[in-house]
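Undergrad: Can you keep this structure in mind? I'll have questions shortly.
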Amino acid sequence: MTWKVPPKSWSESVAERAATSIKAARERTKTSAAKLSERTAELGAPVSRSVLSDLETGRKRSLDVSELLVIAAALGVPPIFLLYPGLSDDQIDVLPGLRSSSRDAARWFNGEAITATNNDDRDEQRLAHFDDMARELVEAFAQLARLDEAITATVRTLPTGDDGHPVDDGRLDGLMRNRDELRVRIADLDRAVHSERARIARSERA
């Protein structure tokens with residue numbers, strides 16, 4: 001921890017983590033705050049020595065994206081290393097109320113993962129989503145069976161025309177449309193369930 005007064009919010013904790021990384025990188029490369037400031041100026045986006053000092057001591061309790069980028073460039077490190085130092089399994093507050101390892105947070109930040117949670121959490125979410133789709137598919141088949149029964153019952157109550165065939169009074173047509181729409185929905189759900197099952201199988205083999 002770099003700041004004497006601890007962060008009071010998630011956004012301040014992000015700034016402090018970056019400040020700690022900046023100070024560590026400076027010390028590792030024996031780069032003074034003044035020299036680092038000069039390098040940011042050479043890059044076209046100067047960050048003053050006093051701003052760097054205030055950030056490292058906690059007098060400045062926020063860090064703009066533009067500042068993060070130019071400071072990282074001046075230090076010769078990827079910006080992600082300042083946000084998620086070490087890329088370790090150490091837990092950090094990646095979002096308000098959401099803790100994750102630096103490694104998983106970095107994978108999310110650079111696009112290798114779609115969430116900032118760890119693999120176990122993602123697997124649980126995927127399985128829960130699969131269960132929801134499977135239950136929806138079962139219910140859709142049950143609805144289809146009820147519609148078929150309703151269509152059969154409706155046909156029995158329709159008046160018969162001169163040709164001996166039932167004359168629809170509008171009820172049957174509506175039921176038939178509902179059944180056609182439900183069949184399309186079932187086909188979509190069935191494809192989604194099979195696709196998700198395949199993804200889960202590939203994940204388990206990985």
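The values are calculated or read from the model by the stated rules, or taken from the named source; none is laboratory data. What you see is a predicted model, and the numbers here were worked out from it, not measured in a lab. Note that each Cβ is placed from the backbone with ideal geometry, even for glycine, and that neighbours are counted across all protein chains shown.
Undergrad: Hey, among the residues in region 179-194 that are farther than 30 Å from THR154 by Cα and loosely packed, with under 12 Cβ neighbours inside 10 Å, which one's modelled with the lowest pLDDT?
TA: Of region 179-194, the ones farther than 30 Å from THR154 by Cα are 191-194.
Now drop any that are not loosely packed, with under 12 Cβ neighbours inside 10 Å, which leaves 191, 194.
On the way: ARG191: 86, HIS194: 82.
Ranking the qualifying residues of region 179-194, first place goes to HIS194.
Undergrad: Follow-up. Which one of ASP163, ASP168, ASP120, ASP93 is loosely packed, with under 14 Cβ neighbours inside 10 Å and either over 30 Å from SER11 (Cα atoms) or at pLDDT 75 or above (or both)? Before the answer, list the steps.
TA: On the way: ASP168 fails: loosely packed, with under 14 Cβ neighbours inside 10 Å; ASP120 fails: either over 30 Å from SER11 (Cα atoms) or at pLDDT 75 or above (or both); ASP93 fails: loosely packed, with under 14 Cβ neighbours inside 10 Å.
From the options ASP163, ASP168, ASP120, ASP93, the qualifying one is ASP163.
Undergrad: Something else about it: Name the residues in region 63-102 that are closer than 22 Å to THR31 by Cα and part of a loop (DSSP other than H, G, I, E, B), would you?
TA: Taking region 63-102 and keeping what is closer than 22 Å to THR31 by Cα, we get 63-86.
The answer is LEU63, ASP64, GLY76, VAL77, PRO78, TYR84.
Undergrad: Quick one: count up the residues across region 164-188 that are of a type outside the set (A, V, I, L, M, F, W, C), closer than 30 Å to VAL138 by Cβ and without any contact (Cβ under 8 Å) to a residue 12 or more places away in the chain. Walk me through it before giving the result.
TA: Taking region 164-188 first, the residues of a type outside the set (A, V, I, L, M, F, W, C) are 164-166, 168-171, 173-174, 177-181, 183, 185, 188.
Those left that are additionally closer than 30 Å to VAL138 by Cβ: 171, 173-174, 177-181, 183, 185, 188.
Okay, now just the ones that are also without any contact (Cβ under 8 Å) to a residue 12 or more places away in the chain, so 173-174, 177, 180-181, 188.
Result for region 164-188: 6.
Undergrad: Looking at region 130-167, which of its residues are over 30 Å from ASP190 (Cβ atoms) and not basic (Lys, Arg)? Can you show your working first?
TA: Residues of region 130-167 over 30 Å from ASP190 (Cβ atoms): 156-167.
Across region 130-167, the qualifying residues are THR157, LEU158, PRO159, THR160, GLY161, ASP162, ASP163, GLY164, HIS165, PRO166, VAL167.
Undergrad: Of all residues in region 42-58, count the ones that are assigned to a loop (DSSP other than H, G, I, E, B) and not small (Gly, Ala, Ser). Lay out the reasoning, then the answer.
TA: Taking region 42-58 and keeping what is assigned to a loop (DSSP other than H, G, I, E, B), we get 43-48, 58.
From what is left, the residues that are not small (Gly, Ala, Ser) are 43, 46-47.
Residues in region 42-58 being assigned to a loop (DSSP other than H, G, I, E, B) and not small (Gly, Ala, Ser): 3 in total.
Undergrad: In addition: How many of the residues making up region 131-187 are farther than 30 Å from ALA198 by Cα, out of contact with any Pro (no Cβ under 6 Å at 6 or more places or on another chain) and not β-branched (Val, Ile, Thr)?
TA: Adding up the residues that qualify gives 25.
Undergrad: Would region 59-78 turn up any residue that is at pLDDT 85 or above and either among the aromatic types (Phe, Trp, Tyr) or in contact with a His (Cβ under 8 Å, 6 or more places away or on another chain) (or both)?
TA: Narrowing region 59-78 to residues at pLDDT 85 or above: 59-78.
If we keep only those that are either among the aromatic types (Phe, Trp, Tyr) or in contact with a His (Cβ under 8 Å, 6 or more places away or on another chain) (or both) too, we end up with none.
No, region 59-78 contains no residue that is at pLDDT 85 or above and either among the aromatic types (Phe, Trp, Tyr) or in contact with a His (Cβ under 8 Å, 6 or more places away or on another chain) (or both).
Undergrad: Here's another thing I want to ask about it. Would you be able to say whether some residue in region 190-200 is in a helix (DSSP H, G or I), more than 43 Å from the chain's Cα centre (by Cα) and among the hydroxyl-bearing types (Ser, Thr, Tyr)? Steps first, please.
TA: Initial filter on region 190-200 (in a helix (DSSP H, G or I)): 190-200.
Retained after the next criterion (residues that are more than 43 Å from the chain's Cα centre (by Cα)): none.
The answer is no; no qualifying residue exists.
Undergrad: Taking the condition part of a helix (DSSP H, G or I) and surrounded by 14 or more Cβ atoms within 10 Å (Cβ to Cβ), does ALA15 pass?
TA: yes
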